[in-house]
1. Rounded to the nearest whole Å², what accessible area per residue is found for the chain with the 1.4 Å probe?
2. What relative contact order, as a whole-number percentage, does the chain give when Cα pairs under 8 Å and 6 or more residues apart are counted?
3. So what are segment 103-250's ellipsoid semi-axes, whole angstrom, largest first, if each one is the square root of 5 times an eigenvalue of the alpha-carbon gyration tensor?
4. Going through segment 294-386, which trypsin sites (Lys or Arg not before Pro) have at most 16 other Cβ atoms within 10 Å and a DSSP loop state?
5. Debye sum, Cα scatterers, segment 19-142, no solvent: what log₁₀ I/I(0) at q = 0.13 1/Å?
6. With N residues in segment 284-387, what two-decimal value do you get for its Cα radius of gyration over 2.2 N^0.38 Å?
7. By how many nm would the segment from ASP313 to ALA45 grow when fully extended, if each residue of separation counts as 0.36 nm and the alpha-carbon distance is taken off?
8. Excluding ALA237 itself, what net charge comes from residues whose Cβ is under 13 Å from its Cβ, given Lys and Arg +1 and Asp and Glu -1?
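The values are calculated or read from the model by the stated rules, or taken from the named source; none is laboratory data. No experiment lies behind these values; they were computed from the predicted model shown. Positions of Cβ are backbone-derived with ideal geometry, glycine not excepted, and every protein chain shown enters the neighbour counts. Areas reflect the complete protein model, heavy atoms only, side chains present, ligands, DNA and RNA absent. Shrake-Rupley method; radii C 1.70, N 1.55, O 1.52, S 1.80 Å.
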Amino acid sequence: MDAIETDLPFLTALRRDLHAHPELGFEEERTSGIVAGILEEAGIAVHRGLGGTGVVGTLTVGNGSRSIGLRADMDALAMQEAAERPYKSKAAGKMHACGHDGHTVLLLGAARALAKVRSFSGTVHFIFQPAEEGRGGARRMVQDGLFRLFPCDAVYGLHNMPGLDPDEIAVVEGPQLASSDSWRLTLRGVGTHGAKPHLGRDAVTAAGSFIAGLQTIVGRVVDPLQPAVVSACSLQAGDPRALNVIPETVEIGGTARAYSAAVRDQLETEIGRLAQGAAAMFGVAADYRFERRIPPVVNHPDATTRALAAARDVFGSKVRRSFPPSTAGDDFAFFAAEAAGCYVWLGNGPARDGALHHNSAYDFNDAAIGPGVRFWTRLVECELTTG
């Protein structure tokens, strides 16, 4: 591990540089250029442009036939950074508020260490993914032939987790992140004077009934032992400058989350059923659409067992085998659909001043760089053993 320890000052400076220069999904030109350059300097074969701005580095050592993929996301969020720090974002309205700057550096650190030590036999693909934050980067990489060009027997993802110590990791079999789907409903009535509602068909009242009934899907239809979330997050109707007009249309939008394919299907059906019921009750028309965006992330048993072995070697007794899944989504799910996948949680330390993911005061904890690089490195050694 001397190579990793020696590399920490470089990796810390790089992480802060990336933090100061955030780029949104499919715009990671500077970041992907830095990634490709560092991989090439380490003697690792580089493929650029997969999924737009994605980068894949490939390192083969010995004659082992097994190949694995390690994934890091590179994109930032469209947020203004509020906290003052020497490496604060220089891009207005853009910020690394989820730690993808740290994820990128962890994987680069592992690539550099493995290229020096070469302590495995087989092939590892270092996958630097663009546009994880809702813009579909993983799907684009798969569509562009990621697993055809770089076959993997297993694929691994890592995400930082505020609340766990930087020398702590959670490796848990089964569901880790929920599906992340969007739904939209347009209710179309007949607009009329606010004083003469009997002359129209009130889409606003229908919308109120729909929204009030929305939580009955989770509370009364979905199996209570199966977690699910349905939220209305957007409502557009009428004009605040015309408070004597009942509008013709109301537009509602929201999100649906589940950990299983069956419940995901159920949410799509039941939101539509409720929408049609509310529309029929008030004599208006309903136009309902459900957009399947990201499947749930479910850790494969075999891949989880191997990740757990590597985690124990690095973190010892500070490995958590029980940790609650998140209702957030991650398009790593598209990778795990192509090969046995495992997604782990690396500690990021306490969430100071409420600085959780997607918070304007958030920052990746540099104390997690060493443990994260060691985990990636040890995982490759365990997966691609020379013995």
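1. Result: 42 Å² of accessible area for each residue.
2. The value is 25 percent.
3. Equivalent ellipsoid semi-axes, largest first: 51, 19, 15 Å.
4. Passing sites in segment 294-386 are ARG321.
5. Log-scaled intensity ratios, in q order: -0.52.
6. 1.38
7. 93.6 nm
8. -3
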